[in-house]
Amino acid sequence: MNRESSGPKPLLLECLWVFLAIVPLSSLAGGTGKEKPVNSGKESTGLNISGELFIDQRIALNNRREWVWNENRLSCKMKKIQGETVRFYGEVWLRNFGVPRPGSVSALYDKGNADPVQAEIREANIQISGFPFKRSDLRIGRQRLAWGTADRLNPTDILNPYDLEDILDFGRHRGSDALSFVYYFNDVFSLQAAYIPVFRPANLPVGIFSGIFESPAVLPGGFPVISYSDTLNFPQMRQFKDATYGIRLKGLAGNVDFSVSYARAYDGLPLVSENRIFPATGQYGVHIQSTLSFLRNHMIGADMATSIGGAGFWVEGALFIPEENFIMRTDLSSLYPQSPVSLISDSLIVCTSQPVLKFIAGMDYHFRNSTYLNLQYLHGFIHEKTRNDLNHYLLIRFEKRMFNDRLNLAPLSGAFVFSSLNRLKNQYALVWMPQITYSLAGTTDISLSGIIFHGEGNTVFSGLKRRDMLRFTLNYFF
Amino acid sequence: MKTKHLVKGMAFLFFILETVYLSAQDAGEILRKVDEVMYSAKDMSGVQVMELTDKNGKTEVREAMIMQKGTEMRLIRFISPASQEGIAILSLPGELMYLYLPAFARERRISSSAKNQNFAGTDFSYEDLEARAFSSKYTAKMIREEENLFVLELTPINSSGVYSRIVAHISKMEYYPEMTQFFDQAGNKIKEARYRFSKVGKYWSPDEIKMADLKKSHTTVMRLKEVKYDTGLTEDEFTIRKLVQ
């Protein structure tokens, strides 16, 4: 596929780069001395370390009662304020994750196979306040660039790659190695520009959730698939052409917080751009060799949040305009080598003339008896790319807090998914996640929840039917 | 004879009306003086230590940094316990409130119904902690005068609040509240706060506020330490920019 950019040149980011390059770093040390420091009164602090021990264990509610999730995570957050303007923030995860599956005795010589351990830098950045202007902040390094005002499911939040490892942890993103510049016009209006030079894809769900974003291959003649292999066509790393960047204007008008945003970014989940089908030798069936590529979009986003009659309301939408048509090629010529006609066909998957609008609308309300209701409607989940793919998601969370917030009961929590009202019977999914959480002395939260899947058809969660589980989590904060 | 009775009746009515009017005016004036005492400093900063005690005597301690400017700007940021460290609440004019949760790396607008809720497990509601002058939220009526106290009944101007009325015991000498009693929409007394003030520089400062939830038999003692007044905090300190840092 031709991946040359047809979109606008990233002029703004180039200007920003150049500007930052020529501004002398000496201005960090106080500039002209005429400007009042932004963080007046702040003093240098030592390195502040806090963190969390998070234990997440899940057991399948099937006959085998196997452990389907095992995570012991130690997250450390480090913070240091240097002088009046410089702040360091870092977050590291160290964890045992998954279950050991060594394939041979030799694998046991590697402790990593016997006891899988992962280390991950989630964030590590420096923020310089009041630089290069009094009313601007510059942040450099691995960081989270959280866009949108909706509750956890944010269609405009696309700068950081999705961390889809645990599909139940909606909205989790990884940090990106980025440069972020925010200019504050006044107390309520700000403009943010972000630049991420290196594209990083989303990481896919693992364990019991692996494969839930994959669609089953439908082959002519009903051939069984003997094997499948794929190649990932990864974007090049050209300075600006393949970079992710975006700009966001944020403000308050009347009683409404709002933002409008633009981003040019690769979608973190690849699409199949080519399928080559080969006959299996000595068996009835085929091998499929796929090539997957990443689609690049222009995203135009808007969001708002307000409070009406005591209730909170928010709406957030993102219009995804593909930078070029995305075509999937299917090659059956190896399957029928004697065919007199060409067996290579192209299908238009995503079209530049058909932008895709994903949006979410939600509300929440705190009742006087310590109950809380949160309702959201989402049109278009993370992995849904075309207009025809977009499903409807109704999400609900109803909580009751007791004993001075120590006990939190969420009997009604989950989602109902459907593709259209006409196909409600055979194309839907229901996820119910009742939860009970107890907090001990402000340092420890213990939670027990059930996760029940039900559904029909091929929505993302109906594929999880019969994978119900019981989940136990413990958070210890230090 | 009829005229005499009419004149007497009118005089009595005038006396009653004047008494009611003066009483209302006095109560409003007293409330404004309370606001002057409570919010006379241009700005304030300090550390709030909140000690929560349940009916079994079990205690928990929470600490937060607090900054306030005028009557309508306030920023509270938790220092401890660890589970709440970094959580911050920004209160701005126009009933705007924002909550910052570090785990989500973004601020969230708090709906006004959240003001009914208890603040971080304490016996104070978000509304109790709002940085707004009493006189802008309540109309005052004098109930009675005691030797050293005015006893006022405060009725919310906006009925959507937590309380149907508040009975406030105000020091006659210094015009700070010594005790307030809070009544729910059904008219039941649900909470009671007792205050201890001391002079810091030229201002009366609430050293300690003890709030008791009478239904739950739960108390929160809020102490203010390292308090500083008029340090020149600017409006820049009370912005989303500062909230998310």
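Restricting attention to the stretch A:288-327, and to residues there that are in a loop (DSSP other than H, G, I, E, B), of a type outside the set (D, E, K, R) and open to solvent by less than 40 Å² (accessible area, probe 1.4 Å), which single residue is nearest to residue A:277 (Cα to Cα)?
A:294
Quick test of your reading of the structure: residue B:84 fulfils all but one of (1) in contact (Cβ under 8 Å) with a residue 40 or more places away in the chain; (2) within 11 Å of chain A (Cβ to nearest Cβ); (3) open to solvent by 10 Å² or more (accessible area, probe 1.4 Å); (4) not hydrophobic (A, V, I, L, M, F, W, C). Name the failing condition by number.
Exception for residue B:84: condition (1).
For the stretch A:284-329, what are the residues that are within 13 Å of chain B (Cβ to nearest Cβ) and more than 18 Å from the chain's Cα centre (by Cα)?
Hits for the stretch A:284-329 are A:304, A:305, A:306, A:307, A:308, A:309, A:310, A:311, A:312, A:313, A:314, A:315.
State whether one or more residues within the stretch A:98-112 are touching a Pro at 6+ places or on another chain (Cβ under 9 Å), within 11 Å of another protein chain (Cβ to nearest Cβ) and closer than 30 Å to residue A:462 by Cβ.
no
Out of everything in the stretch B:200-235 that is away from chain A (no Cβ under 14 Å) and more than 19 Å from the chain's Cα centre (by Cα), what residue ends up being least open to solvent (accessible area, probe 1.4 Å)?
Checked the stretch B:200-235; the qualifying residue least open to solvent (accessible area, probe 1.4 Å) is B:200.
Given the criterion in a loop (DSSP other than H, G, I, E, B), of a type in the set (Gly, Ala, Ser) and at positive phi, identify the matching residue among A:141, A:171.
Values: A:141 fails: in a loop (DSSP other than H, G, I, E, B).
That would be A:171, the only listed residue that is in a loop (DSSP other than H, G, I, E, B), of a type in the set (Gly, Ala, Ser) and at positive phi.
On the given criteria, is residue A:53 open to solvent by 50 Å² or more (accessible area, probe 1.4 Å), in a strand (DSSP E or B), within 14 Å of another protein chain (Cβ to nearest Cβ) and modelled with pLDDT of 50 or more?
When the stated conditions are applied, residue A:53 passes them.
Which of the following residues is within 20 Å of residue B:126 (Cβ to Cβ) and in contact with a Phe, Trp or Tyr (Cβ under 9 Å, 6 or more places away or on another chain): A:377, A:365?
A:365
Consider the stretch B:116-165. How many of its residues are in contact with a Leu (Cβ under 9 Å, 6 or more places away or on another chain) and within 14 Å of chain A (Cβ to nearest Cβ)?
5
Quick one: in the stretch B:90-111, of everything that is over 16 Å from the mean Cα position of the chain (by Cα) and at positive phi, which residue is farthest from the other protein chains (Cβ to nearest Cβ)?
B:94
Name the single residue, out of those in the stretch A:401-422 being outside any strand (DSSP E or B) and farther than 20 Å from residue A:358 by Cβ, that is farthest from the other protein chains (Cβ to nearest Cβ).
A:422
Look through B:238, B:197 and report the one residue that is within 14 Å of chain A (Cβ to nearest Cβ) and open to solvent by less than 80 Å² (accessible area, probe 1.4 Å).
On the way: B:197 fails: within 14 Å of chain A (Cβ to nearest Cβ).
Among B:238, B:197, only B:238 is within 14 Å of chain A (Cβ to nearest Cβ) and open to solvent by less than 80 Å² (accessible area, probe 1.4 Å).
Just one of the numbered conditions (1) more than 11 Å from chain A (Cβ to nearest Cβ); (2) crowded, with 20+ Cβ neighbours inside 10 Å is not true of residue B:70; which one?
Of (1) more than 11 Å from chain A (Cβ to nearest Cβ); (2) crowded, with 20+ Cβ neighbours inside 10 Å, only one is false for residue B:70: (2).
Scan the stretch A:267-283 residue by residue and report those that are assigned to a strand (DSSP E or B) and either open to solvent by less than 20 Å² (accessible area, probe 1.4 Å) or within 14 Å of chain B (Cβ to nearest Cβ) (or both).
A:273, A:277
If I ask for residues that are part of a strand (DSSP E or B), among the polar types (S, T, N, Q) and within 22 Å of residue A:420 (Cβ to Cβ), which ones from the stretch A:348-379 would you list?
Selection gives A:376 alone.
Sort out which residues of the stretch A:380-397 are part of a strand (DSSP E or B) and crowded, with 17+ Cβ neighbours inside 10 Å, and write them in order of number.
Correct list: A:392, A:393, A:395, A:397.
Within the stretch A:419-433, which residues are open to solvent by 30 Å² or more (accessible area, probe 1.4 Å) and closer than 26 Å to residue A:408 by Cα?
Scanning the stretch A:419-433 gives A:430, A:432, A:433.
Please indicate, with yes or no, whether at least one residue in the stretch A:243-254 is in a strand (DSSP E or B), open to solvent by 10 Å² or more (accessible area, probe 1.4 Å), within 13 Å of chain B (Cβ to nearest Cβ) and among the charged types (D, E, K, R).
The answer is yes, given that some residue of the stretch A:243-254 is in a strand (DSSP E or B), open to solvent by 10 Å² or more (accessible area, probe 1.4 Å), within 13 Å of chain B (Cβ to nearest Cβ) and among the charged types (D, E, K, R).
Scan the stretch A:453-478 for residues that are of a type in the set (A, V, I, L, M, F, W, C) and either crowded, with 17+ Cβ neighbours inside 10 Å or within 13 Å of another protein chain (Cβ to nearest Cβ) (or both) and jot them down.
Scanning the stretch A:453-478 gives A:453, A:460, A:461, A:464, A:469, A:474, A:477, A:478.
Strands (runs of 3 or more DSSP E) wholly in the stretch B:163-245 with at least 1 residues that are closer than 21 Å to residue B:49 by Cβ, touching a residue at least 12 places away in the same chain (Cβ under 8 Å) and among the small types (Gly, Ala, Ser) - which ones? Steps first, answer last, please.
On the way: elements: B:165-171, B:177-183, B:189-200, B:203-213, B:218-229.
Because the criterion is at least 1 residues that are closer than 21 Å to residue B:49 by Cβ, touching a residue at least 12 places away in the same chain (Cβ under 8 Å) and among the small types (Gly, Ala, Ser), the strands (runs of 3 or more DSSP E) in the stretch B:163-245 that meet it are B:189-200, B:203-213.
Considering each residue of the stretch A:433-478, count those that are touching a Gly at 6+ places or on another chain (Cβ under 9 Å) and charged (D, E, K, R), and give that number.
The total comes to 3.
Quick one: would you say residue A:26 is at pLDDT below 90 and in a loop (DSSP other than H, G, I, E, B)?
No: the conditions fail for residue A:26.
The values are calculated or read from the model by the stated rules, or taken from the named source; none is laboratory data. All of these numbers come straight from a predicted model, not from anything done at the bench. All Cβ positions, even for glycine, are placed from backbone atoms using ideal geometry, and neighbour counts span all protein chains on display. Accessible surface is based on the protein model in full, side chains and every heavy atom, while ligands, DNA and RNA are left aside. Shrake-Rupley method; radii C 1.70, N 1.55, O 1.52, S 1.80 Å.
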